[in-house]
Amino acid sequence: MERTLSIIKPDAVSRNLSGAILKMIQDAGLKVVAMKMIQLSKAEAEGFYAVHKARPFFGSLVDFMISGPVVVSILEGDDAIARYRKLMGATNPAGAEEGTIRKIHALDIEKNSVHGSDAPETAAFETSYFFSALEMVG
Ligand code: CMP
């Protein structure tokens, strides 16, 4: 069993797509073991994306991530990290496979509707960034 962090980003939450995206996640057999809707502060978004601090898109990404509420959740399952990344599709929706969340719902490379952890180490950091052990209930 593996756990990964999912964020449904402001572009998707504001278009009332949280339910549709959660249905895709659950239909794929991933189990939601923690979930909440929150409004990130600038410092919280900067801390979450600290690994991208030197990238040219960092400032714009932080502004986007604090532009409205997000739905964060922890997904559990065999090989959950890779399975969720496959379900999300490529970062840039223009190159995402048919049937993926980003192909169906994302607007562009920044407003790409969802985030998922990319490795076990980042999943451990990202899940504990948003949830305490007591909040993981699955
Ligand atoms: P995410 O998977 O959350 O990881 C970093 C985010 O930065 C990415 O999704 C996009 O929302 C955003 N982003 C904006 N521009 C780029 C880019 N050129 N390459 C990668 N990520 C980008």
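The values are calculated or read from the model by the stated rules, or taken from the named source; none is laboratory data. Being a predicted model, the structure only gives us computed values, none of them experimental. For neighbour counting, all protein chains shown are included, and Cβ atoms are generated from backbone atoms with ideal geometry for every residue, glycine included. For the accessible areas, the whole protein counts, side chains as well, though only heavy atoms, and no ligand, DNA or RNA atoms are used. Shrake-Rupley method; radii C 1.70, N 1.55, O 1.52, S 1.80 Å.
Values as computed for the structure displayed
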{"quantity": "Residue list for segment 56-66, restricted to those being more than 9 Å from the ligand (Cβ to nearest atom) and either among the small types (G, A, S) or open to solvent by 10 Å² or more (accessible area, probe 1.4 Å) (or both)", "calculated": "G59, D63, I66"}
{"quantity": "Candidates K53, K111 - the one that is farther than 19 Å from P10 by Cβ and within 12 Å of the ligand (Cβ to nearest atom)", "calculated": "K53"}
{"quantity": "Residue within segment 39-47 that is within 12 Å of the ligand (Cβ to nearest atom), under 15 Å from the mean Cα position of the chain (by Cα), within 18 Å of E126 (Cα to Cα) and outside any strand (DSSP E or B) present", "calculated": "yes"}
{"quantity": "In segment 114-135, residue nearest to the ligand (Cβ to nearest atom) [restricted to those that are in a loop (DSSP other than H, G, I, E, B) and more than 16 Å from V71 (Cβ to Cβ)]", "calculated": "D118"}
{"quantity": "Members of segment 95-107 that are open to solvent by less than 80 Å² (accessible area, probe 1.4 Å), within 14 Å of the ligand (Cβ to nearest atom) and touching a helix residue (DSSP H, G or I) at 6+ places or on another chain (Cβ under 7 Å)", "calculated": "A96, T100, I101, R102, H105, A106"}
{"quantity": "Test result for A90, out of contact with any strand residue (DSSP E or B) (no Cβ under 9 Å at 6 or more places or on another chain), buried (at least 17 other Cβ atoms within 10 Å of the Cβ) and not β-branched (V, I, T)", "calculated": "no"}
{"quantity": "Subset of segment 10-30 that is open to solvent by 10 Å² or more (accessible area, probe 1.4 Å) and outside any helix (DSSP H, G or I) - its residue that is farthest from the ligand (Cβ to nearest atom)", "calculated": "G29"}
{"quantity": "Of residues in segment 67-83 being part of a loop (DSSP other than H, G, I, E, B) and open to solvent by 50 Å² or more (accessible area, probe 1.4 Å), the one farthest from F125 (Cα to Cα)", "calculated": "S67"}
